[in-house]
Amino acid sequence: MTKDGTNSAVTDYDVVVVGAGAGGIFAVHEFKEKGLSVLGLESGSGFGGVWFHNRYPGARVDVESYFYCYVDPKIYSEWKWSERYAAQPEILAYLNFAADKYDVRGNYKFSTRMTGAQWDPSTDSYTIAMSDGKAVTARVLVMATGQLSEARKPSFDGLDDFKGEWVQTSHWPEHPVALKGKRIAVIGTGSSGVQVIPQLAKEAERLYVFQRTANYSVPAQNSPMDEGRYQDIARGVEDVWRELVGTFSGTRNPRGSARAADMSPEEQQQLLQERWEHGGHTMNSVFTDQSSNADANAIVAEFVRDKVRQTVKDPAVAEKLIPTEYPIGSRRLCVDIGYYETYNRDNVTLVNVKADPIERITPHGIKTRDQEFEVDLIVFALGFDAFTGALDQSNIRNEKGEQPTDKWDRGPKTFLGLMTTGFPNLFIVTGPGSPSVLANMILGNMQHVRFIANALTYMKDHGHTRIEPTEEAQTEWTAHVADAASKLLRLGVENYMVHVNKDDQSRTFIPYAGGLDKYVARTNAVEENGYQGFAFA
Ligand code: NAP
């Protein structure tokens, strides 16, 4: 029986890993190290996951590259980043470098989608169907599909009749997209829009930005890499790993140590300015109480609003760009390079689609209620069907024919964000109920993969063929996830991290907001106590 599914309808692997992003690469490597046979499946034609598909101009990480990488002595010192916040092409090159160092290339089938997975309780395995028409069986299925991989598709009336070109930031074409001298529209001003807009403005004859909700954005304060700092980290990678998983976000970002009210207005402003100059997500943690206390939050929000007013020359445009309806950090803070400055260019026009809604796409552009904009290219930066999208699309079925998300209609239910009841041997990497998008995702992936690899070794050593969380453990953890977010201002704001129940408007916060440090302490305790909360067979 071959292991690549080429001449047999059914072949056996210990583990099938879906996804060749940062999580999948590390998973295949770690499982192989544990002596397991592994097949990786990836719908794209190469490694990279989110960094493979989101290759839009300006795409860049917003966690410092010193730590947005495998903090692993095996490979850390062999790579050199050029910038503090690496751009997409460099991250893609890095992930390819890592895939080779970790020797996983030969384990992957690329351009191959998992089209379904059926659990068979008589053999304790999944039968996994693939887009090439073949099928394999595996004891364990690991979904390393990311939380932001299923893009929200543009559903504007008239799009089919558009005579120009349209693209999505989330699936930017691999071939070059002509931008020079074009009339371009961008719809969406989240993190992706905020990054792509300054780049498009430099090339376009005219750029129209269609903004529905203004977002807070702060400068990355990008700079060349500090080689000495990188080498220092390289000398003590294992200590740095331990340090990072003991932090709230898996970074060395400074965090506030006092409440806003404990400081004088002058001290507050001085600290805000320091954080602004430091750049990036540090603006989320200037004061210890800014995520839960509206007054503290308002001080940070007003500081950022003032920066927008100082940057954007036309006061009317500045006011349109300034969010006023929700606290700062309650939707994911955008991190930019020259975003607000872009609106000082003569070739850029901001269209507020809340005041003047988009009615339809026409053959030659975009028709809002009051105006018509002729464009050659439309860039959709509309975001993702976050957290559950990839699972919903994967057609994973248990013995009752249910899918993992079937019982999540009132919000995701998982144990540690890793597994959900009713689906033995199915692991989710960085899933709902884990720190996920609230922390450094590469670190989160590594931590999850190591936990799973150890659990699989434990199973092997104990002769178990089935692992599943208990109902009690899942209920307790789901309640704990809700509790950790209960005081957060962001729970009350529409954003992709909040699940809203349509009937009574009650809300569930999807990722675990208690911090990576507390999460890791809990998973370590679970491991040390013989996988307490999991049932084996
Ligand atoms: P997003 O934050 O969900 O933003 C989507 C944007 O599209 C919003 O401005 C949204 O407006 C707009 N939109 C959606 N449907 C629309 C419609 N029908 N008409 C007009 N506007 C519409 O998505 P994203 O920018 O792709 O970012 C998603 C996440 O990916 C980020 O939060 C972050 O976690 C990650 N990301 C990270 C980086 C980075 O590391 N630097 C870069 C990009 C993305 P509303 O706000 O009104 O809904």
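The values are calculated or read from the model by the stated rules, or taken from the named source; none is laboratory data. These numbers come from a predicted model, not from an experiment. Every residue, glycine as well, gets a Cβ built from its backbone with ideal geometry; the counts of neighbours run over all protein chains shown. SASA here: full protein model, heavy atoms, side chains in, ligands and nucleic acids out. Shrake-Rupley method; radii C 1.70, N 1.55, O 1.52, S 1.80 Å.
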Q) Considering only region 415-434, how many residues are in a loop (DSSP other than H, G, I, E, B), farther than 25 Å from Trp51 by Cβ and open to solvent by less than 10 Å² (accessible area, probe 1.4 Å)? A) 5
Q | Any chance Glu325 is away from the ligand (no atom under 13 Å from the Cβ) and either in contact with a helix residue (DSSP H, G or I) (Cβ under 6 Å, 6 or more places away or on another chain) or open to solvent by 50 Å² or more (accessible area, probe 1.4 Å) (or both) | A | no
Q: Go through (1) open to solvent by 10 Å² or more (accessible area, probe 1.4 Å); (2) within 16 Å of the ligand (Cβ to nearest atom); (3) closer than 14 Å to Ser217 by Cα and name the single condition Tyr339 misses.
A: (1)
Q: Name the single residue, out of those in region 483-495 being touching a helix residue (DSSP H, G or I) at 6+ places or on another chain (Cβ under 9 Å) and either within 12 Å of the ligand (Cβ to nearest atom) or in contact (Cβ under 8 Å) with a residue 24 or more places away in the chain (or both), that is farthest from Asn293 (Cα to Cα).
A: Ala484
Q. Can you name the residue in region 51-61 that is within 7 Å of the ligand (Cβ to nearest atom) and open to solvent by less than 30 Å² (accessible area, probe 1.4 Å) and, of all such residues, is farthest from the chain's Cα centre (by Cα)?
A. Ala59
Q) What are the residues in region 487-537 that are at pLDDT 95 or above, out of contact with any Ser or Thr (no Cβ under 7 Å at 6 or more places or on another chain) and of a type in the set (Asp, Glu), if any? A) Glu527, Glu528
Q | All helices (runs of 4 or more DSSP H) inside region 435-537 with 2 or more residues being open to solvent by 10 Å² or more (accessible area, probe 1.4 Å) and hydroxyl-bearing (Ser, Thr, Tyr) | A | 441-462, 471-485
Q: Any residue in region 26-47 that's of a type in the set (Gly, Ala, Ser) and surrounded by 24 or more Cβ atoms within 10 Å (Cβ to Cβ): show its pairings with residues that are modelled with pLDDT of 95 or more and assigned to a loop (DSSP other than H, G, I, E, B) at Cβ separation under 7 Å, as long as the two are six or more apart or on different chains.
A: Ala27/Ala144; Ala27/Val429; Gly40/Ala20; Gly40/Val104
Q | Looking only at region 382-400, and only at residues there that are more than 16 Å from the ligand (Cβ to nearest atom) and open to solvent by 30 Å² or more (accessible area, probe 1.4 Å), the one that is farthest from Leu41 (Cα to Cα) | A | Lys400
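Quick grid of which residues meet (1) within 22 Å of the chain's Cα centre (by Cα); (2) of a type in the set (Lys, Arg):
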residue: Ala455; (1), (2): no, no
residue: Asp461; (1), (2): no, no
residue: Ala482; (1), (2): yes, no
residue: Arg507; (1), (2): yes, yes
residue: Ala513; (1), (2): yes, no
residue: Asp517; (1), (2): yes, no
Q) Restricting the search to region 141-170, which residues are in contact with a helix residue (DSSP H, G or I) (Cβ under 6 Å, 6 or more places away or on another chain) and away from the ligand (no atom under 11 Å from the Cβ)? A) Val142, Ala144, Thr145, Glu150
**Q.** Members of region 350-379 found to be closer than 17 Å to Lys320 by Cβ and open to solvent by less than 60 Å² (accessible area, probe 1.4 Å), listed by number
**A.** Leu350, Val351, Asn352, Val353, Ala355, Asp356, Pro357, Ile358, Thr368, Phe373
(Q) Based on this model, can you work out whether Gly23 counts as assigned to a helix (DSSP H, G or I), buried (at least 20 other Cβ atoms within 10 Å of the Cβ) and within 21 Å of the chain's Cα centre (by Cα)? (A) yes
Q. Is there a residue in region 127-140 that is at pLDDT 95 or above, acidic (Asp, Glu), surrounded by 15 or more Cβ atoms within 10 Å (Cβ to Cβ) and more than 18 Å from Phe31 (Cα to Cα)?
A. no
**Q.** Every residue from region 62-97 that is within 16 Å of the ligand (Cβ to nearest atom), in a helix (DSSP H, G or I) and more than 21 Å from Arg235 (Cα to Cα)
**A.** Gln88, Pro89, Glu90, Ile91, Leu92, Leu95
(Q) Among the numbered criteria (1) more than 9 Å from the ligand (Cβ to nearest atom); (2) open to solvent by less than 60 Å² (accessible area, probe 1.4 Å); (3) within 25 Å of the chain's Cα centre (by Cα); (4) at negative phi, which one does Leu207 miss? (A) (3)
Q | Restricting region 171-190 to residues that are open to solvent by less than 70 Å² (accessible area, probe 1.4 Å) and under 24 Å from the mean Cα position of the chain (by Cα), the residue that is farthest from the ligand (Cβ to nearest atom) | A | Pro173
**Q.** Subset of region 144-164 that is over 14 Å from the mean Cα position of the chain (by Cα) and open to solvent by less than 70 Å² (accessible area, probe 1.4 Å) - its residue that is nearest to Gly24 (Cα to Cα)
**A.** Pro154
Q: Just one of (1) among the aliphatic types (A, V, I, L, M); (2) within 16 Å of the ligand (Cβ to nearest atom); (3) outside any loop (DSSP other than H, G, I, E, B) trips up Val17, so point out which.
A: (2)
